[in-house]
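Trainee: The structure's right below; bear with me while I get my questions together.
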Amino acid sequence: MDPYIDLLKVLLPELLITHFNITRHEIEADVLHLHFEEKKDVPREFSSGVIISHGFHKAITIQDFPVRGKKVYLHIKRRRWLDKNTKEVVQRDWNLVAQGTRMTVEFAAFLKVLNNYQS
């Protein structure tokens, strides 16, 4: 087992570590950019058909919890799949982004609790 994966699971949403590969990272003065691509594992919900990888959606950028005083931005590329029988393009239904925000669900919930605590 890779000890870095365990560390990343503490810092990042486990969903990202489980289903996405980190392709690169960039550190600017006070910003950490982490880039992810969805793994090429065929989604279980489509495993009964003939499914092939069909490229990626445009990357989305969401803000996550700050780490050691640095803002953290997650750049996530979701994979598209083609059902060869129906010619339909399919994808997993990820619930990564809190509705109405550009933050992870966990970070948005944290800020909401913090805001209610300060009120």
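Trainee: Checking the table K9/K87; K40/K71; K9/K39 against a 25 Å threshold on Cα-Cα, which pairs fail?
Mentor: Values: K9/K87 36 Å; K40/K71 29 Å; K9/K39 16 Å.
Checking Cα-Cα distances, K9/K87; K40/K71 exceed 25 Å.
Trainee: Also: In nm, to one decimal, how far is the D6 label point from the F65 one, both placed 7 Å along Cα→Cβ?
Mentor: 1.8 nm
Trainee: State the percentage of accessible surface on the range 38-92 attributable to carbon and sulfur atoms; use a 1.4 Å probe and exclude ligands, DNA and RNA.
Mentor: That fraction is 48 percent.
Trainee: Okay, moving on. Compute the distance in nm between two label points, each set 7 Å from the Cα along the Cα-to-Cβ direction, one at N85 and one at V50.
Mentor: 1.0 nm
The values are calculated or read from the model by the stated rules, or taken from the named source; none is laboratory data. Predicted model, so just to flag it, every value in this text is computed and none were measured. Quick reminder, even Gly has a Cβ in these numbers, built from the backbone with ideal geometry, and neighbours come from all protein chains shown. Quick note on the areas: whole protein, heavy atoms, side chains included, nothing else; ligands and nucleic acids left out. Shrake-Rupley method; radii C 1.70, N 1.55, O 1.52, S 1.80 Å.
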